[in-house]
1. Which residue pairs have Cβ atoms under 7 Å apart, sit 6 or more places apart or on different chains, and have a first residue in segment 42-53 that is without any contact (Cβ under 8 Å) to a residue 60 or more places away in the chain and a second that is open to solvent by 80 Å² or more (accessible area, probe 1.4 Å) and of a type in the set (Lys, Arg)?
2. Kindly provide the set of residues from segment 57-66 that are open to solvent by 100 Å² or more (accessible area, probe 1.4 Å) and either at pLDDT below 90 or polar (S, T, N, Q) (or both), ordered by number.
3. Have a look at Val18, Val34 and point out the one that is of a type outside the set (Asp, Glu), in a helix (DSSP H, G or I) and modelled with pLDDT of 90 or more.
Amino acid sequence: MKAPSRSNGKSKPSAGKVIARVVWMSVKLLIIPVLCIAALIVGLAIGFSVLGDKPMSEVFDMKTWKHMYDLVFAEGA
């Protein structure tokens with residue numbers, strides 16, 4: 001006689017659960033870098049416009065950051 005096979009309660013997860021798990025892990029891994037970049041952008045905008053009394057639109061202008069770079073790394077005379 002053959003003994004009936006018993007399942008130990010572990011069945012293969014469905015494709016939907018696997019996809020949901022992958023998406024959740026991706027969100028967990030990406031949330032900190034995304035929040036850090038958002039905080040950087042908000043901090044730059046507030047600091048440049050409130051403390052610097054400049055228009056907020058200049059924060060995102062590449063010429064502004066090139067000028068800042070040139071000021072910081074200029075050779076002393």
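1. Phe48/Lys54
2. Narrowing segment 57-66 to residues open to solvent by 100 Å² or more (accessible area, probe 1.4 Å): 60, 62-63, 66.
Once the filter is applied, which keeps residues that are open to solvent by 100 Å² or more (accessible area, probe 1.4 Å) and either at pLDDT below 90 or polar (S, T, N, Q) (or both), segment 57-66 yields only Phe60.
3. Result of the check over Val18, Val34: Val34.
The values are calculated or read from the model by the stated rules, or taken from the named source; none is laboratory data. Since this is a predicted model, take the numbers as computed values, not measurements. Quick reminder, even Gly has a Cβ in these numbers, built from the backbone with ideal geometry, and neighbours come from all protein chains shown. Heads up: the accessible areas ignore ligands, DNA and RNA and are worked out on the full protein's heavy atoms, side chains in. Shrake-Rupley method; radii C 1.70, N 1.55, O 1.52, S 1.80 Å.
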